[in-house]
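Nothing in this text is a laboratory measurement; each read-out follows from the coordinates by a stated rule. Please read all numbers here as calculations on a predicted model, not as lab measurements. For neighbour counting, all protein chains shown are included, and Cβ atoms are generated from backbone atoms with ideal geometry for every residue, glycine included.
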Number of protein chains: 4
Amino acid sequence: MNILFVGDVVGSAGRRLLLRLLPELREQHDATFVVVNGENVAGGVGITPKIADELFAHGVDVITLGNHTYRQRAIYPYLDRHDAILRPANFLKSQPGHGHCVVERAGVRLGVVNLSGNLFLKAGRPAFAEADAALHALRGRVDHVLVDMHAEATSEKVAIGWHLDGRVTAVVGTHTHVPTADARVLPGGTAYITDVGMTGARGGVIGVKKELAIESLVTQMPVRFEPSEDDPWLMGVVISGTSPLRADRIEQLLVPAPAGFR
Amino acid sequence: MNILFVGDVVGSAGRRLLLRLLPELREQHDATFVVVNGENVAGGVGITPKIADELFAHGVDVITLGNHTYRQRAIYPYLDRHDAILRPANFLKSQPGHGHCVVERAGVRLGVVNLSGNLFLKAGRPAFAEADAALHALRGRVDHVLVDMHAEATSEKVAIGWHLDGRVTAVVGTHTHVPTADARVLPGGTAYITDVGMTGARGGVIGVKKELAIESLVTQMPVRFEPSEDDPWLMGVVISGTSPLRADRIEQLLVPAPAGFR
Amino acid sequence: MNILFVGDVVGSAGRRLLLRLLPELREQHDATFVVVNGENVAGGVGITPKIADELFAHGVDVITLGNHTYRQRAIYPYLDRHDAILRPANFLKSQPGHGHCVVERAGVRLGVVNLSGNLFLKAGRPAFAEADAALHALRGRVDHVLVDMHAEATSEKVAIGWHLDGRVTAVVGTHTHVPTADARVLPGGTAYITDVGMTGARGGVIGVKKELAIESLVTQMPVRFEPSEDDPWLMGVVISGTSPLRADRIEQLLVPAPAGFR
Amino acid sequence: MNILFVGDVVGSAGRRLLLRLLPELREQHDATFVVVNGENVAGGVGITPKIADELFAHGVDVITLGNHTYRQRAIYPYLDRHDAILRPANFLKSQPGHGHCVVERAGVRLGVVNLSGNLFLKAGRPAFAEADAALHALRGRVDHVLVDMHAEATSEKVAIGWHLDGRVTAVVGTHTHVPTADARVLPGGTAYITDVGMTGARGGVIGVKKELAIESLVTQMPVRFEPSEDDPWLMGVVISGTSPLRADRIEQLLVPAPAGFR
Ligand SMILES: [Fe+2]
Ligand SMILES: [Fe+2]
Ligand SMILES: [Fe+2]
Ligand SMILES: [Fe+2]
Ligand SMILES: [Fe+2]
Ligand SMILES: [Fe+2]
Ligand SMILES: [Fe+2]
Ligand SMILES: [Fe+2]
């Protein structure tokens, strides 16, 4: 069983690169499942039903989200109607959508849980308790579990990795848009990485046109951000597991756009 | 010219590992300069004169700091008296210490600048303007410049990398204690990495005993943190440059404690 | 039915002034109930069992708390054992203590609910939902309800006033240590004030010695705060109600220490 | 010499009420100067040249602003061209506008300084140092000085009051939109109030339609705020002084809209 997880897809460049590379990555890594964080796919903020449909049509099995979940109003009913698109489980129960799901491919059942950090981010309920609750809800219904912890602070992410070590197949972090160099299988058998990075323009500032991001920080004036198109990369990980709820391996993917990509 | 830069040294385990590995790393990488972020070296928070003296005595050329600079009161006068220990340049001018220095080794003059991010961290003045001011102050007095941007938000760190690209030899990020997988020489010739990581116990939560960090997040109660000793690693980068203010190469170092290390 | 509510009692000066003035205020306002916010009573941060016992012994009926609840470890078991001391109801259920209680005096049953804001303050669960849950739990068991909303942001406090208008006798704000000039009975019959202020040294900075508070802000260096003793005032409100869950009147009390008070 | 200072004017209801009441308040209080915080006057966020012109045309002498200064792009050049409209002095020097001015009426020269808090608000430079710098710049050029400290935290506001006590005529706080009950002349002769409150719809939540503010807090979903028109009040203070840089008196004004106001 192999899971290809792809970090925050940012804007048009990120989306196009994902769709372009997906077939070969899937084949190359013999991916049983493809899970993608899509919180920045609609022009940099949020996701629309049309884009979500497009991702599913191209073979994405589960879409996770994060702090930008509710930036596009059209997605609200879609989040309730579609099982395989997740928003952080520790948002309020009353907010549109849900935080975990189960998908089955090739006879393997994968549970996916989406969480939001509580430091520097607004999430109505605590991540750690909700992680435990989600695992309880999935018990007996899954062969593997992948957790996407969408968070700013490394402390929360590393801690939830240890907290879930030996209880889930993988804990992957998202949100900072910068890949970390700490992918490994923890002693209890859980694959872990603090941040998968983004799928978007590495020539920008975490996906935003670099001139605009710098202007904002230098001038401290309001600046309207636009997604960069400069030097897109796909960033992800492949997690492989043979025993239930355990990983054998986690491999980091940092793939530049192919020559001539537009 | 080669600079060995070592990320936030955390507690006793980090300090001992640094001192243990320094001779061989220095030789192996033919390090002209050794620069170390020491903001967590005294029991996890701050630095003392005794420890700073020890680091200098073992061949560290420059010590940089960060948000924990002022946790140990004994260091205040030391910061004013010693040229080669830096606190972020964009702290208030009235705060103890200074934010840049020049050291010379083997006929090469290295300027080092320490900055603090302004997002989620308390720094009295803006990092970007102070970076420009420090470079202005160093003009004509240095062959190379290394900038340690101690910051939480990836946006600030990536942006300052681009802002300084082509004007300094290297911009290295610190503070999150997790190494990033984005080390590279930017198009203008500046070596860049978002975070070098820490030198401390990878078996903890960014250096803290993992049971304590998890307890704090799960219970939301006050917990007294202690540095972990579990599975120490040294994390750093080596930057090599031949032309003034330009890097040829940046290499990431992720080195576990040798067998039998205690 | 009259409720005397006294704002955050700060340090020794605040505690002594409260105990000094309590008998005459109780008589003067014919107070059926005395409710006191005690989150700063132990040297400025938190409360101890000994001080809580002392307040109860002097006729305080209910003690409410806030963000400083857990600063004194000795209070943890006390919070679980004593019904009439409250910490914010929207802390985690697993944290020591509880967030509402009922006390009966002169045949009148008063429910008291303690809440924490979620903006700029750390509270594990949302205030608004928990307010509704607490009222549900009190239904049929009380004649009157007083809510202490301990919060920084005026938006949250004004909003919860409107949210509960017509459903409780009074919503009083605490935490900023500065009394507001907006006490009134809202159209639905709920007495409201954004902040009651503190009972402590008005000659300080919200209870802290003013030289220390100014030094901290001017120098941006760590400063150990001590409670001020300069010019203590008692700040509170008296809420009067004759119909169940409705207030007729809210009167603001701003009372300087009597001449010769020490 | 009397200064009428009016707190944050919010939206159309606030602006219309201000213009309606200004003539009689000016006469009633024999106001030498009228200073108005206008950061929310354009639909709740920011100010436009047209509205600023209208305020000046109706006899406002100085307009102060705050964290919403740059929400309306059209005001940027206006801030540079017009002396009597201020943005916080401790914003970056490079940001449009300036932070202090001097106006003369009836032979009296009034300096006005606008500051922003540094806690919970984004201001590029520290308020306390900039306050000192502004007073230095005004030395010898003014008979009286009024400081508008636009800040969230009561600690910063009370502290700057004490810091400037005896050096300026008045320190008035703005931003929270709720008037405080602590107006007084400090021992050194400086009139002080932590917050003047707002001029806008008291039937809303700090000026916003109450249904929208409550919806936002209850649902934690994005909500587009609109200014309330319900129950507008003018909130301000009148400061009177006869000796240079000293106040004799500060009087709080809390004035409901007259019957039939629309
Ligand atoms: Fe993202
Ligand atoms: Fe995010
Ligand atoms: Fe650190
Ligand atoms: Fe740090
Ligand atoms: Fe308090
Ligand atoms: Fe508090
Ligand atoms: Fe305002
Ligand atoms: Fe404001």
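Summary of computed values
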read-out	value
Cα centroid of the range A:88-117 to Cα centroid of the range D:150-199, whole Å	50
Candidate lysines for bridging to residue D:93, where Cα separation is under 21 Å - those fewer than 8 sequence places away on the same chain excluded	B:93, B:122, D:122
For the range B:22-149, alpha-carbon Rg over 2.2 N^0.38 Å	1.03
Ratio Rg/Rh, restricted to chain D and using Cα atoms, in which Rh is the Kirkwood radius	0.95
Using alpha-carbon coordinates, inclination of helix A:210-219 to the longest axis of chain A, degrees	80
Helix-only CD estimate at 222 nm, as mean residue ellipticity for the protein assembly as shown, using -39500 (n - 2.57) per DSSP H run (n ≥ 4)	-8000 deg cm²/dmol
Listed residues B:173, B:236, B:43, most fluctuating in chain B (Gaussian network, C-alpha, under 10 Å)	B:43
Under 17 Å from residue C:50, Cα to Cα: lysines that are on another chain or at least 8 residues apart	none
Cα long-axis angle, helix B:11-28 against chain B (0 to 90 degrees, to the nearest 10)	40
Equivalent ellipsoid semi-axes - Cα gyration tensor, the protein assembly as shown, angstrom	48, 35, 30
√(5λ) per eigenvalue of the Cα gyration tensor, the range A:1-62, largest first, Å	20, 11, 10
The range A:121-185, relative contact order [Cα under 8 Å, separation at least 6], %	34
For residue C:141, label point 7 Å along C-beta direction: distances to other copies, nm	3.4, 6.5, 7.0
For residue B:187, net neighbour charge (Lys/Arg +1, Asp/Glu -1) across residues whose Cβ lies under 15 Å away	0
Shape call, the range B:19-96: gyration tensor on alpha carbons, a/c limit 1.5	prolate
Radius 10 Å from Cβ of residue A:144, net charge of other residues (Lys, Arg +1; Asp, Glu -1)	+1
Listed residues B:25, B:79, B:115, most fluctuating in chain B (Gaussian network, C-alpha, under 10 Å)	B:25
Dipole of chain C, positive end: most advanced residue of C:25, C:261, C:175 [Cβ charges, Cα centre]	C:175
For residue A:64, distant residues with modelled amide H under 5 Å away	A:36, A:37, A:38, A:86
Copy-to-copy label separations for residue C:224, where each label sits 7 Å from Cα toward Cβ, in nm and ascending	1.5, 5.4, 5.5
Average Cα contact separation per residue, the range D:2-256, under 8 Å, 6 or more apart, as relative contact order %	19
Rg(Cα)/(2.2 N^0.38 Å) for the range D:177-216, N = residue count	1.62
Label distances, nm, residue B:83 versus same residue in remaining copies, Cβ-directed 7 Å point	4.9, 7.0, 7.3
With 5 Å bins from 0: P(r) over the range B:152-262, alpha-carbon pairs, percent	2, 13, 17, 17, 15, 12, 10, 8, 4, 1, 0
Radius 10 Å from Cβ of residue A:201, net charge of other residues (Lys, Arg +1; Asp, Glu -1)	0
Degrees separating the helix C:154-164 axis from the principal Cα axis of chain C, which is the longest one	20
FRET efficiency, residue B:251 to residue B:211 (Cβ-Cβ, R0 25 Å, nearest 0.05)	0.15
Rotational relation A to C, axis-closest Cβ in chain A, residue and distance rounded to whole Å	A:125, 3
All-pairs alpha carbon distance profile, the range A:102-173, 10 Å steps from 0, percent	21, 53, 23, 4
Relative contact order %, the range B:172-232, counting alpha carbon pairs below 8 Å whose residues are six or more apart	30
